[in-house]
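**Q** Below is the structure I would like to discuss, written out as structure tokens.
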Amino acid sequence: MSSSTASNTTNGRHLFKEYPTGFPTPGQSTVYDTSASIDLDHVPLNGGVLTKLKVLSIDPYLRELMNPNLGTSPDFVPFALNEPIQGHGIVEVLRSENDKFKSGDFLHADVIPHEEYPLFSKEATETLSIVEKRPELPLSVYVGAARMPGWTAFAGWKEYAKAKTGETVFVSSGAGAVGSIVVQLAKHQGLKVISSAGSEDKVQFLKDLGVDVAFNYKTSDTREVLKKEGPVDIYWDHVGGDTLDAALENMNQYGRIVLCGMITGYNTESGDVPTQKLYTAVWRQLSLHGLLIVPALIEKYQSSFEEEVVAKLADGTFKYREDKRYGLEEASQAMLDVQKGSNVGKCVVVVDGE
Ligand SMILES: NC(=O)c1ccc[n+]([C@@H]2O[C@H](COP(=O)([O-])OP(=O)(O)OC[C@H]3O[C@@H](n4cnc5c(N)ncnc54)[C@H](OP(=O)(O)O)[C@@H]3O)[C@@H](O)[C@H]2O)c1
């Protein structure tokens, strides 16, 4: 929480302190720090924008960026020690020297430092965009179903799933931010949807979304379920490892696999996710697609995303579930909870407001 004197306001920050080798430890791998302050009225902007942090998205990839050996994509670099964690979020403009943005505007950015008063340089303002908020949706949904996780689901589905009515799709981690949109897109298109999650509560949420076969992968055998309910035409992977193997074993001829994430590897030192059954892809002539939500893919599907997802979220056709934490000091624990599955729905940290 911020405190202020006549000209100085505490600028709370969520700092990266050590590279974890397993799960991140709240208050140790990352810490909430109140040693910095900022003069909100006089700090020079030099053509930039001074903002107040509103909402942060707590995404699984934040743990991937805590791996110093990360070398997966030039777009993703590991976090620097003793610097704020950076991630998706929404800020409110306090002062601006950029004509496009005025005080009170809500702005999106993909790379926001986890601090209560982010200052964007003139160059960094290029990465900001105004939130086109529908009144029916809270601001927080604009870091979840209506933004990056929703884009990932929609653009990946359109580009790679090649879904046909009557086919069968399996979505792992289906109750999460991305998965819950994928299962609804699939149901909407008339597919049979099989989906797994890690608790009875999440399984109930999957049923509420209309999933045909919802199961708890901790108490049911994924292979048995897929054997009984498959074969699977499309597997949407969030997990990797043995779950990917179970899907590979139960794929239909010419099936498609969308590799969206592999969370089983994120909290290990190497980040590797061993897979044993890849050879099945040869015999069944499967297509495997790595999905990364990059600007070109967003641009391609942005306008249809507004109509086919955001409008449906706004009118209640599509459902979303959020796990809201309040205050930047909660970000450290929230990051661990997303890795462990203790989050129920899209995990967001509301720093100021709703
Ligand atoms: N490719 C891209 O551009 C892109 C973009 C966004 C997200 N992603 C990836 O998509 C996946 C889902 O992201 P999200 O934001 O929607 O997160 P999320 O599903 O809301 O949260 C992560 C979930 O992963 C599950 N999980 C954790 N450890 C697991 C394990 N060992 N086995 C099975 N499930 C496990 C937990 O759910 P349970 O309780 O059900 O286990 C946890 O709640 C992640 O892998 C993420 O990295 C990729």
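**Q** In the stretch 306-348, what residues are hydroxyl-bearing (Ser, Thr, Tyr), surrounded by 18 or more Cβ atoms within 10 Å (Cβ to Cβ) and farther than 22 Å from His114 by Cα?
**A** Answer for the stretch 306-348, where residues must be hydroxyl-bearing (Ser, Thr, Tyr), surrounded by 18 or more Cβ atoms within 10 Å (Cβ to Cβ) and farther than 22 Å from His114 by Cα: just Tyr320.
**Q** Yes or no: Val258 in the same structural domain as Val182 (by TED's automatic domain parsing), closer than 27 Å to Phe23 by Cα, within 16 Å of the ligand (Cβ to nearest atom) and not polar (S, T, N, Q)?
**A** So Val258 fits the description; yes.
**Q** All but one of (1) open to solvent by less than 20 Å² (accessible area, probe 1.4 Å); (2) farther than 25 Å from Lys340 by Cβ hold for Gly179; which doesn't?
**A** Of (1) open to solvent by less than 20 Å² (accessible area, probe 1.4 Å); (2) farther than 25 Å from Lys340 by Cβ, only one is false for Gly179: (2).
**Q** Only one of these is within 12 Å of the ligand (Cβ to nearest atom) and under 28 Å from Thr34 (Cβ atoms): Glu322, Glu330. Name it.
**A** Answer to the check: Glu322.
**Q** Filter the stretch 269-290 down to residues that are within 16 Å of the ligand (Cβ to nearest atom) and either assigned by TED's automatic domain parsing to the domain that holds Tyr19 or not in a loop (DSSP other than H, G, I, E, B) (or both), then give me how many there are.
**A** Going through the stretch 269-290 one residue at a time, the tally reaches 3.
**Q** Please work out which residue is nearest to the ligand (Cβ to nearest atom), limiting yourself to the stretch 291-305 and to residues that are assigned to a helix (DSSP H, G or I) and open to solvent by less than 70 Å² (accessible area, probe 1.4 Å).
**A** Leu297
**Q** Taking the criterion of being crowded, with 16+ Cβ neighbours inside 10 Å, modelled with pLDDT of 95 or more, farther than 22 Å from Glu299 by Cα and more than 16 Å from the chain's Cα centre (by Cα), would at least one residue in the stretch 66-83 satisfy it?
**A** Among the residues of the stretch 66-83, not one is crowded, with 16+ Cβ neighbours inside 10 Å, modelled with pLDDT of 95 or more, farther than 22 Å from Glu299 by Cα and more than 16 Å from the chain's Cα centre (by Cα), which makes the answer no.
**Q** Testing Ala124 on (1) out of contact with any Ser or Thr (no Cβ under 8 Å at 6 or more places or on another chain); (2) among the aliphatic types (A, V, I, L, M); (3) open to solvent by less than 10 Å² (accessible area, probe 1.4 Å), one condition comes back false. Which one is that?
**A** (3)
**Q** Filter the stretch 212-255 for residues that are more than 13 Å from the ligand (Cβ to nearest atom), among the aliphatic types (A, V, I, L, M) and out of contact with any Leu (no Cβ under 8 Å at 6 or more places or on another chain) and give the result.
**A** Listed by number, the residues that qualify are Val213, Val225, Leu226.
**Q** Is at least one residue of the stretch 154-164 within 15 Å of the ligand (Cβ to nearest atom), among the acidic types (Asp, Glu) and either in contact (Cβ under 8 Å) with a residue 12 or more places away in the chain or buried (at least 24 other Cβ atoms within 10 Å of the Cβ) (or both)?
**A** Yes, that holds for at least one residue.
**Q** Consider Val171 against the criteria (1) in contact with a Ser or Thr (Cβ under 8 Å, 6 or more places away or on another chain); (2) of a type in the set (Val, Ile, Thr); (3) more than 11 Å from the ligand (Cβ to nearest atom): it satisfies all of them except one. Which criterion is unmet?
**A** Checking Val171 against (1) in contact with a Ser or Thr (Cβ under 8 Å, 6 or more places away or on another chain); (2) of a type in the set (Val, Ile, Thr); (3) more than 11 Å from the ligand (Cβ to nearest atom), the one that fails is (3).
**Q** Another question, if that's okay. Regarding Ser332, is this residue within 26 Å of Glu83 (Cα to Cα) and in a loop (DSSP other than H, G, I, E, B)?
**A** Taking the combined requirement at face value, the residue does not satisfy it.
**Q** Being among the aromatic types (Phe, Trp, Tyr) and open to solvent by 20 Å² or more (accessible area, probe 1.4 Å) is the filter here, so list the residues in the stretch 206-230 that pass it.
**A** Tyr217
The values are calculated or read from the model by the stated rules, or taken from the named source; none is laboratory data. Note that the coordinates shown come from a computational prediction; the quantities given were computed from them, not determined experimentally. Ideal geometry is used to build each Cβ from the backbone, glycine not excepted, and the neighbour counts take in all protein chains shown. We work out accessible area using only protein heavy atoms, side chains counted, and drop any ligands, DNA or RNA first. Shrake-Rupley method; radii C 1.70, N 1.55, O 1.52, S 1.80 Å.
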